[in-house]
Amino acid sequence: MRKIFDSAKKIILQTDEFFYGKANFDYSFQKIDRETITSLDVKIEEYLKDKLSILTPHAAFWGEEKGMPSGESEELWVIDPIDSTNNFILEIPFFSVSVAYCINRVPTIGICFFPKLKTLLFAIKGEGAYRNADRIKVSSKQKLSDSLLLYDNQFYKSELVFENLKKVVNSFFTVRISGCASFDICAIACGQAEVRIFNQTKVMDFIPGGLILEEAGGIVSDFHGKSPAFDQQQIICSNGFLHADIIDCLNGVPR
């Protein structure tokens, strides 16, 4: 596992060249989900797939741009070539290249590289979580009223995004929206925030960062506290101490 991680880390760090090189990119809006894709998203995903397939020739790939794998494989790479393409286009530095390596759909390596922040967060299952060379851990806050909630930016997707925010917002000290799933999850892993709620997400939004968070002492679950399946859309990420409280809030349980 360490050999795969070391090689994958080098491959992912090399995507830095895409962001600081001279390559031009075009972008177009996808009308259904109001999400943006650039040619750079596609190029990075293709680059990662080409390089990682040499490293793990029997692995399947589930990419943000190319979709689910067509066949079954014990090994699976989950790839988001640019998590928060809109932030990238707007020159907001909260975007990442996010990758997870899974065995039988259990994440065993998680890597989130933030090129503009010069920051790499990573974890190997059972070996802790790191930001660059430093070990990280979640905060020890145990009251929602002392805590920072990170929340969805895609309010257009469902009325539930508004409704769920109304259920929890007054319980927290304050709320922030970064527009980048991996940034939010990694912020919790680093002890900079306590909770992130996803109302309608995708596998590549929470699997790479999710392992980092768990190895830092946090919890990732669905809205009922169960370990999320890869097709789960409603996800809670927390420092662990507040997990039961936020589940109660979302499910209308009196506190």
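No lab work stands behind these numbers, since they all come straight from the coordinates. This is a predicted model, so every value here is computed, not measured. Reconstructed Cβ throughout: ideal geometry from the backbone, glycine too, with neighbour counts over all protein chains shown.
Of His243, His224, the sequence from fewest to most neighbouring Cβ atoms within 10 angstrom is His224, His243. Structural descriptor for segment 92-228: relative contact order 29 percent, calculated from alpha carbon pairs under 8 angstrom and at least 6 residues apart. For Lys141, the shell of other residues with beta-carbons less than 13 Å away shows a net charge of -1, using +1 for Lys and Arg and -1 for Asp and Glu. In degrees from 0 to 90, rounded to the nearest 10, what is the angle of the helix 203-215 Cα long axis to the longest principal axis of the chain? On a 0 to 90 degree scale, this one is about 70. Evaluated with a Cβ-only charge set (Lys, Arg +1; Asp, Glu -1), segment 144-250 carries a dipole of roughly 200 debye about its Cα centre, given to the nearest 20. Of the peptides 134-140, 75-81, the ranking by mean beta-carbon count within 10 Å, highest at the top, reads 75-81, 134-140. Rounded, prolate or oblate: pick one for segment 144-250, where a ≥ b ≥ c are the square roots of the eigenvalues of its C-alpha gyration tensor, a/c under 1.5 means rounded, and failing that, prolate if a/b is larger than b/c, else oblate. Taking the square roots of the gyration eigenvalues as a ≥ b ≥ c, segment 144-250 is rounded. Give the residue from Leu52, Tyr130, Ile79 lying farthest towards the positive end of the charge dipole for segment 2-135; charges sit on Cβ (+1 for Lys and Arg, -1 for Asp and Glu) and the dipole is referred to the Cα centre. Among Leu52, Tyr130, Ile79, the one farthest towards the positive end of the dipole of segment 2-135 is Tyr130. Peptides 189-201, 167-179, 118-130 ranked from most to least packed, by the mean per-residue count of other Cβ atoms within 10 Å: 189-201, 118-130, 167-179. For segment 2-135, the relative contact order works out to 16 percent when only alpha carbon pairs closer than 8 Å and six or more residues apart are counted. Counting every other Cβ atom within 10 Å of each residue's Cβ, Ser147, Ser98 order from fewest to most as Ser147, Ser98. Given +1 at the Cβ of Lys and Arg, -1 at the Cβ of Asp and Glu and no other charges, the dipole of segment 2-135 around its Cα centre is 440 debye to the nearest 20. For the chain, report the translational diffusion coefficient in µm²/s to the nearest whole number, using Stokes-Einstein at 20 °C, 1.002 mPa s, and a Kirkwood Rh over Cα pairs. After rounding, the answer is 117 µm²/s.
Would you give the gap between the C-alpha center of segment 92-136 and the C-alpha center of segment 192-238, rounded to a whole Å? What the calculation gives is 14 Å, centre to centre. Ranked by the mean number of other Cβ atoms within 10 Å of their residues, highest first, the peptides 104-113, 8-17, 229-238 fall in the order 104-113, 229-238, 8-17.
Shape class of segment 2-135 from the alpha-carbon gyration tensor: oblate, with a/c at 1.5 or above and b/c at least as large as a/b. Roughly how many debye, to the nearest 20, is the charge dipole of the chain about its Cα centre, given +1 on each Lys and Arg Cβ, -1 on each Asp and Glu Cβ, and no other charges? Rounded to the nearest 20 debye, it is 560 debye. With an a/c value of 1.5 or above and a/b not larger than b/c for the gyration tensor axes a ≥ b ≥ c computed over the alpha-carbon atoms, segment 70-148 is described as oblate. Ordering Phe241, Ile197, Thr36 by Cα displacement along the dipole of the chain toward the positive end leaves Phe241 in first place; charges were set at the Cβ atoms of Lys, Arg (+1) and Asp, Glu (-1).
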